[in-house]
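Engineer: Input: one structure, supplied below.
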Amino acid sequence: MPFAMFCQHKGCKGTGSQMEPYLDSKTDKVYCSLCDQELPNVTYFVKVQMKALKQFRQKQAVAFGVKCQSCGKEAQPKVVNDDIVCPACTKPHTHLSEPFKMMLKDKLRTANKDV
Ligand SMILES: [Zn+2]
Ligand SMILES: [Zn+2]
């Protein structure tokens, strides 16, 4: 069970119902998962508990995200002329393995069907 608490900030949905806060491991501060504001008055004990539960700030996951070796941007690649290319700098992702490219082509085709 993740640790849940109320948010102390006015206007946040977390004041009426409990939310699962997250801990920034760099600053050791606790934040509301709904309004992203810092929650003061979080006891040392709670922080230790959150660390044990690994309730850290989640990196926003990019669907089928690939980190580009040319520009360093992590984004969902595009399929251009049967190549997997970076949408930011349009350079092909040559560091990917063939099976992974096959999978990506397949997934991207189905994911972008309705676009
Ligand atoms: Zn909040
Ligand atoms: Zn790039």
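Every read-out reported here was derived from the displayed coordinates using simple, explicitly stated rules and does not represent laboratory data. What you see is a predicted model, and the numbers here were worked out from it, not measured in a lab. Virtual Cβ from ideal backbone geometry, glycine too; neighbours counted across all protein chains shown.
Engineer: Just checking, does the range 31-38 include any residue being within 18 Å of LYS107 (Cα to Cα), under 22 Å from the mean Cα position of the chain (by Cα) and not charged (D, E, K, R)? Full working, then the answer.
Structural biologist: First, pick out the residues of the range 31-38 that are within 18 Å of LYS107 (Cα to Cα): none.
No - not one qualifying residue is present in the range 31-38.
Engineer: Kindly check whether there is at least one residue in the range 40-54 that is in contact with an Asp or Glu (Cβ under 9 Å, 6 or more places away or on another chain) and within 16 Å of ligand 1 (Cβ to nearest atom).
Structural biologist: no
Engineer: Considering the range 52-68 alone, what residues qualify as being surrounded by 13 or more Cβ atoms within 10 Å (Cβ to Cβ) and more than 27 Å from THR27 (Cβ to Cβ)?
Structural biologist: Result: PHE64, VAL66, CYS68.
Engineer: Same structure, new question: Filter the range 30-51 down to residues that are touching a residue at least 12 places away in the same chain (Cβ under 8 Å) and charged (D, E, K, R) and give me whichever is surrounded by the fewest Cβ atoms within 10 Å (Cβ to Cβ).
Structural biologist: Here is the first cut: in the range 30-51, the ones touching a residue at least 12 places away in the same chain (Cβ under 8 Å) are 30-35, 37, 39-42, 46-47, 49-51.
Narrowing further to those that are charged (D, E, K, R): 47, 51.
Working: LYS47: 16, LYS51: 13.
Once the filter is applied, the top-ranked residue is LYS51.
Engineer: Continuing with this model, one more query. Does at least one position in the range 70-92 carry a residue that is under 19 Å from the mean Cα position of the chain (by Cα) and at positive phi?
Structural biologist: Within the range 70-92 (the criterion being under 19 Å from the mean Cα position of the chain (by Cα) and at positive phi), the answer is yes, since at least one residue qualifies.
Engineer: Would you please name the residue that is surrounded by the most Cβ atoms within 10 Å (Cβ to Cβ), looking only at residues in the range 71-98 that are in a loop (DSSP other than H, G, I, E, B) and of a type in the set (A, V, I, L, M, F, W, C)?
Structural biologist: Of all residues in the range 71-98, those in a loop (DSSP other than H, G, I, E, B) come to 71-73, 76-77, 81-82, 86-91, 93-97.
Subsequent filtering for residues that are of a type in the set (A, V, I, L, M, F, W, C) retains 71, 86, 88-89, 96.
Numbers: CYS71: 12, CYS86: 22, ALA88: 14, CYS89: 11, LEU96: 16.
If we take residues in the range 71-98 being in a loop (DSSP other than H, G, I, E, B) and of a type in the set (A, V, I, L, M, F, W, C), then CYS86 is surrounded by the most Cβ atoms within 10 Å (Cβ to Cβ).
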